[in-house]
Amino acid sequence: MRGRVVSDTGPIIALGTIDQLAILKMIFDEVIVPETVHLEIMQGGENFAGHACYKKAPWIRVERLQVPMEPLLETLLDKGGFGNTLCSRKRGRFCAY
C-alpha cells in the first residue's frame, strides 16, 4: 500500500516501542502526525515508550493545524485524536489509530 497516512499517537508508540517505525515508511509514501500528536509524544520525554525511535524518524512530517478545537469534539476526543481527525478530513487522507 502506498499513499499517505495521518497517524495518531498509538501506532507511533506501539511501533516505536519495538523499534519498528520504519514499517510505516515502507508502507506509505508520506507519514504525517498532527502537531497535537507530536506534542503528546514529546511531552512523555525519554520515559515515554517509543520516544527515542520517534526522534530518529525525521521522515515523519509534523503538520500544524490552525483550527481551534470544536467544543463537541472536545467532549469525545483528546487533543491528539481531534488533531488526527481534523488533519485527515482536511487532507482527505487515511487515518491510522
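Values quoted throughout were computed directly from the atomic coordinates according to the rules given, and no laboratory measurement underlies them. Values in this document were obtained by computation on a predicted structure and should not be read as measured data. Heads up, the Cβs are rebuilt from the backbone with ideal geometry, glycines too, and the neighbour counts pull from every protein chain shown.
Quick notes on this structure:
- Global geometry of the stretch 8-57, whether rounded, prolate or oblate, following the gyration tensor of its Cα atoms and the 1.5 cut on a/c: oblate
- Residues in the stretch 28-52 reached by a label modelled at Leu65 [backbone nitrogen below 20 Å; 7 Å Cα→Cβ]: 30-44
- Order by protection proxy (mean Cβ within 10 Å, highest first), peptides 23-35, 41-53: 23-35, 41-53
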